[in-house]
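The values are calculated or read from the model by the stated rules, or taken from the named source; none is laboratory data. Predicted, not measured: the structure shown is a model, and the values here were computed from it. Cβ sites come from the backbone with ideal geometry, for glycine too, and all protein chains shown count toward neighbours.
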Amino acid sequence: MEDRWRVVYTASGMTNARIVAGRLETEEIPFRLKYEAAGEIYAIVINRLGEVEILVPESFFEAARKALSTHFDEKDLNWQNSSE
């Protein structure tokens, strides 16, 4: 039986949606983007035109919410010196 898909986040524009989708992808959480083509073509956000809904399977919903609520500071990142 296939999972039902739920909206886990609504982004303002495709750029923001791709950032959120990248976070889900990092956690290996499947996702779908739902949007009106006109919003992407004209790159505008007026009323709900331009919004992008990010959906995940029901069974991944809580994991997705947790992943999206996690915040990182500079000290959390393992930066490598490019001169090494």
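Annotations for the structure displayed:
- Residue under evaluation residue 82, criteria (1) part of a helix (DSSP H, G or I); (2) small (Gly, Ala, Ser); (3) at pLDDT below 95, criterion not met: (1)
- Matching residues, the stretch 24-46, being modelled with pLDDT under 95 and of a type in the set (Lys, Arg): 34
- Residues that are in a strand (DSSP E or B) and not hydroxyl-bearing (Ser, Thr, Tyr), drawn from the stretch 1-30: 5, 6, 7, 8, 11
- Inspection of the stretch 58-74 finds a residue satisfying the criterion of being among the basic types (Lys, Arg) and either at pLDDT 65 or above or in contact with a helix residue (DSSP H, G or I) (Cβ under 8 Å, 6 or more places away or on another chain) (or both).
- Close contacts from the stretch 13-25, counting a first residue that is within 15 Å of residue 65 (Cβ to Cβ) and β-branched (Val, Ile, Thr) and a second that is surrounded by 12 or more Cβ atoms within 10 Å (Cβ to Cβ) and at pLDDT 95 or above, with Cβ to Cβ under 6 Å and a gap of 6+ residues or different chains, come to 20/9; 20/54.
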